[in-house]
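First comes the structure, then the notes that go with it.
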Amino acid sequence: GAPRCGASLHEPNEALRIELNANARCTWQIQRNANQTIRFIVSYFKFAPSSSCETESIKVFDGPSTNSPLLGQVCNSTDAVPVLESSSDSLTFAITTNSADFTRNFFVSYYFFSPESKTEDCGGQLTGPNGTFSSPNYPAPYPAFTYCVWHIQTPKNSKISLQFQDFFLELDQNCQLDFTAVYDGPTTATGLLGKVCGRAQPTFESSSNVMTVVLATDYSSSYRGFSAQYSSVPLPGPVEPDTFLTCSSDSMKIVLSKPYLASLGYNESHLQLNDPSCKPVITDLVTFSFPLNSCGTIKKEEGQSITYTNIISLSSTGNVITRQKNTEIIVKCKMENNSTSEVFYITRDNVIQNITAMGRYNVSMSFYNSDSFSEPIHQSPYYVDLNQTLFAQVSLHSTDPNLLVFVDTCTASPQPHFGSLTYDLIKSGCNKDDTVVTYPPLEHHGRFKFNAFRFLRSFPSVYLQCDIIICDSNNSNSRCTQGCISRHKRAISPHTWKTNTVVGPIRLKRDLSSAHHSESLTKADAEATPRLQQYNFYTLAFVGLISNILIVAAVILKHHKHRAGYSYQKIQSS
């Protein structure tokens, strides 16, 4: 239900769906006379867009009032699924909203548990180049009120590839009840790679050799959980010990060893970038870390890639840059098409040290529930009605504001690997399906809508794959501004940076109940696809149309039989 603004809660466990408007100041107190502590989970939160932590937040306090010590704060910028634990049998949380006219939605839950059972029989440290782990009791249903945390660490100079070979958790739209969350780092305070529930086979990849996996469940509807395996993917080691450059969609990080700087005659305390105000953090290493569009970084299009370049210089005490021999280190992030690893190399001549790293933009695609594109669909699979309008958005996650996203090609297929059975929705920027509507490029977003495919009646699952082009928004002649181009013009219309992204599966709502109560859906997928591979989408649509015509004809003929008294034999003969 939707509780009023604030309450006193005394049940052993409870889930609250909270809806608030502007200028709310609400406080909930959880307390129960028991020698137990409280686990508090904020599994969904939607604040007003562009709100800050100062104006809108959930504050959680370790005690019976807002004067108790602060356990944590959740706000619009929180990149995690917050799970907080009290030190006693009382906990208080307060929600504050600003004056914006917007409906805020939250889903929070809590339960009491005994301190001696705080360490569940799951989770733990996983080390080594590869390994496996599973939910408690797998393949039997997982227990209620489970909270497990696995910390994975592989050898240095590697990243982690995580694959869920079998995955079956309770399904709800925003994964608010039972969920698995994966974090790109050693704790749940690092970046959230994704939150998953329902039936799926998700995969994740970390940016380093550490990853954290969380399983959280509530009190009802337990399923068999998951079985997962991880493996290490080697990264090229640094050319110089403890000296390297990493490039991401958001930032550039330069780490320099003091021996390397000493070999150049550098004093680490006198280093700066193009913007002299950007200084390094000096410990045992010297580290510059900054957004791509800051510290005087220069962006440039080079063929089918975009580069970001900065210069490390040795300055005098008066902050005057000296341009003498061997006093410049040029660092360059090169965003390569479909580059999968941040390899780097160092080259030298008598004047300049060059450090270059390969990177890639972080692009994702999601479905939304309306053309406002404000509420993404988190459930997977995405269950839809036949001929329902679907709203899709491709998003570029980058700190560089001067980039445009263009949806070049989108293809649908019943196969996640996109084999021979495909159907074009968009090709070279041109709409190939008469239900497709594309929206003008909007900064870091490419948007379009289309109707659920009629061939969903024949295929149990459909996936969508889109080719994405990223351009410099300052280039008025880029591919992103040209829209649909004909075949003979494609060769003379180069793009800047291209990648692809996949979303799915999409399924009909009539199959939703079987996803909850039966494992036959996955088997049906595997059996249906080979049987249908001999047909293409157009053949199946034609057969369905002929079938409908024959049914209508039979009804008409039967109607004439009743009205005119013709014999069935005569009608059949006719």
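Miscellaneous remarks
- Test: residue in the range 100-112 that is out of contact with any helix residue (DSSP H, G or I) (no Cβ under 9 Å at 6 or more places or on another chain), surrounded by fewer than 17 Cβ atoms within 10 Å (Cβ to Cβ) and without any contact (Cβ under 8 Å) to a residue 60 or more places away in the chain: no
- In the range 460-488, residue most open to solvent (accessible area, probe 1.4 Å) [restricted to those that are farther than 30 Å from ALA200 by Cα and outside any loop (DSSP other than H, G, I, E, B)]: ARG487
- Any hit, the range 221-232, residues being closer than 22 Å to MET365 by Cα, in a strand (DSSP E or B) and touching a strand residue (DSSP E or B) at 6+ places or on another chain (Cβ under 9 Å): no
- Hits in the range 195-220 (condition: over 15 Å from the mean Cα position of the chain (by Cα) and surrounded by fewer than 17 Cβ atoms within 10 Å (Cβ to Cβ)): TYR219, SER220
- Hits in the range 165-194 - residues which are surrounded by fewer than 20 Cβ atoms within 10 Å (Cβ to Cβ) and over 29 Å from LEU245 (Cα atoms): GLN165, ASP166, GLU170, ASP172, GLN173, ASN174
- A search for C-beta distances below 9 Å between a residue of the range 49-70 that is within 16 Å of THR97 (Cα to Cα) and among the aliphatic types (A, V, I, L, M) and any residue that is at pLDDT 90 or above and surrounded by fewer than 17 Cβ atoms within 10 Å (Cβ to Cβ), counting only pairs 6+ apart in sequence or on different chains, returns ILE58/GLN73; VAL60/LEU70; VAL60/GLN73.
- Qualifying residues in the range 274-310 (those that are in contact with a helix residue (DSSP H, G or I) (Cβ under 8 Å, 6 or more places away or on another chain) and surrounded by fewer than 14 Cβ atoms within 10 Å (Cβ to Cβ)) - the one modelled with the lowest pLDDT: ASP284
- Yes/no for GLY265 being within 32 Å of the chain's Cα centre (by Cα) and either open to solvent by less than 50 Å² (accessible area, probe 1.4 Å) or at pLDDT below 80 (or both): no
- For the range 338-354, the condition of being surrounded by 11 or more Cβ atoms within 10 Å (Cβ to Cβ) and modelled with pLDDT of 70 or more holds for at least one residue.
- Considering residues of the range 172-217 that are in a strand (DSSP E or B) and free of Cβ contacts under 8 Å to residues at least 40 places away in the same chain only, the residue nearest to PRO136 (Cα to Cα): VAL182
- Top-ranked residue of the range 17-48 - restricted to ones that are among the basic types (Lys, Arg) and closer than 24 Å to ASP178 by Cβ, ranked as surrounded by the most Cβ atoms within 10 Å (Cβ to Cβ): ARG39
The values are calculated or read from the model by the stated rules, or taken from the named source; none is laboratory data. The structure displayed is predicted, hence computed values, not measured ones. No Cβ is skipped: glycine too gets one built from the backbone with ideal geometry, and neighbour counts run over all protein chains shown. The accessibility values were calculated without ligands, DNA or RNA, using every heavy atom of the protein model including side chains. Shrake-Rupley method; radii C 1.70, N 1.55, O 1.52, S 1.80 Å.
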